[in-house]
Structure formats: structure tokens, C-alpha cells
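Just below is one structure, and these are the notes that go with it.
The values are calculated or read from the model by the stated rules, or taken from the named source; none is laboratory data. Every value quoted in this text rests on a predicted model; they were computed, and no experiment measured them. Cβ placement follows ideal geometry from the backbone for every residue including glycine, while neighbour counts extend to all protein chains displayed. Each accessible area value is taken on the protein alone, full model and side chains, heavy atoms only, with ligands, DNA and RNA left out. Shrake-Rupley method; radii C 1.70, N 1.55, O 1.52, S 1.80 Å.
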Amino acid sequence: LNMNADDDGFVGMWRTLLRCLGVRHAHLTTLIEAGYVIMVNDDLLLISDWNLHNKIRRDRYNEGHYASLLSTVRIHANGRYSKG
């Protein structure tokens with residue numbers, strides 16, 4: 001998921017990714033239940049700890065297509081995302 005996320009931690013087309021990797025949907029469900037991944041909508045995932053593990057310099061940051069959806073999630077002081 002990390003390799004396919006944009007600069008904010010959003011992963012689109014996750015079903016295609018799971019199919020290409022041969023991963024079952026149950027594995028993704030486990031990640032969601034554990035709080036590692038947030039299901040934003042049917043087509044979009046957000047990696048919860050993205051900001052904790054990925055530091056992107058301001059001059060390298062590219063605002064993704066889903067940047068407007070960041071207002072729908074809660075961003076903690078340490079940078080972790082959670083459902084808002």
C-alpha cells in the first residue's frame with residue numbers, strides 16, 4: 001500500500017492492487033480493524049501512520065487528487081490520521 005500511496009497517504013484503486021498481489025480482502029479487513037488503514041470511501045484508503053513514517057520535504061510535496069478529503073479525517077498532534 002505504501003508504494004502506491006500519494007504524498008498524503010491516500011491509496012486509490014486498492015482492489016486492483018490487492019488482485020495483482022494475490023491478497024485476499026480479509027487481509028485488508030484485518031488492517032482496517034487494527035487501525036493501520038482507514039477506509040475513506042469504497043474506492044479510497046488512507047494509511048493511518050503515513051505522516052509518522054514518511055517525511056516529505058515541502059519542496060518535494062505534490063498535492064494529490066484527494067487532498068480535499070483530509071478535512072474529513074482527524075489529524076492528531078503526532079501526525080497520525082483517524083476517522084473524524
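Restricting to the range 59-77, name every residue that is farther than 10 Å from ASP8 by Cα, in a loop (DSSP other than H, G, I, E, B) and open to solvent by less than 90 Å² (accessible area, probe 1.4 Å).
Within the range 59-77, HIS76 is the sole residue that qualifies.
Inspect all residues belonging to the range 55-64 and state whether any of them is under 20 Å from LYS83 (Cβ atoms) and out of contact with any His (no Cβ under 8 Å at 6 or more places or on another chain).
Yes - at least one qualifying residue is present in the range 55-64.
Any residue at all in the range 9-27 that is out of contact with any helix residue (DSSP H, G or I) (no Cβ under 8 Å at 6 or more places or on another chain) and closer than 16 Å to VAL73 by Cα?
no
So which of LEU28, LEU18, LEU46 is closer than 16 Å to MET3 by Cβ, aliphatic (A, V, I, L, M) and out of contact with any strand residue (DSSP E or B) (no Cβ under 9 Å at 6 or more places or on another chain)? Explain how you work it out, then say what you get.
Numbers: LEU28 fails: out of contact with any strand residue (DSSP E or B) (no Cβ under 9 Å at 6 or more places or on another chain); LEU46 fails: out of contact with any strand residue (DSSP E or B) (no Cβ under 9 Å at 6 or more places or on another chain).
Just one listed residue meets the conditions, LEU18.
Which ones in the range 18-58 are outside any loop (DSSP other than H, G, I, E, B) and either open to solvent by less than 30 Å² (accessible area, probe 1.4 Å) or in contact with a Ser or Thr (Cβ under 6 Å, 6 or more places away or on another chain) (or both)?
Initial filter on the range 18-58 (outside any loop (DSSP other than H, G, I, E, B)): 18-21, 25-34, 37-41, 44-47, 50-53.
Of everything in the range 18-58, those that are outside any loop (DSSP other than H, G, I, E, B) and either open to solvent by less than 30 Å² (accessible area, probe 1.4 Å) or in contact with a Ser or Thr (Cβ under 6 Å, 6 or more places away or on another chain) (or both) turn out to be LEU18, LEU28, VAL37, ILE38, LEU44, LEU45, LEU46, ILE47, TRP50.
Do you know which residues across the range 49-69 are over 17 Å from MET3 (Cα atoms) and small (Gly, Ala, Ser)?
We begin by selecting, within the range 49-69, every residue over 17 Å from MET3 (Cα atoms); these are 57-59, 67-69.
Within the range 49-69, ALA67, SER68 meet the criteria.
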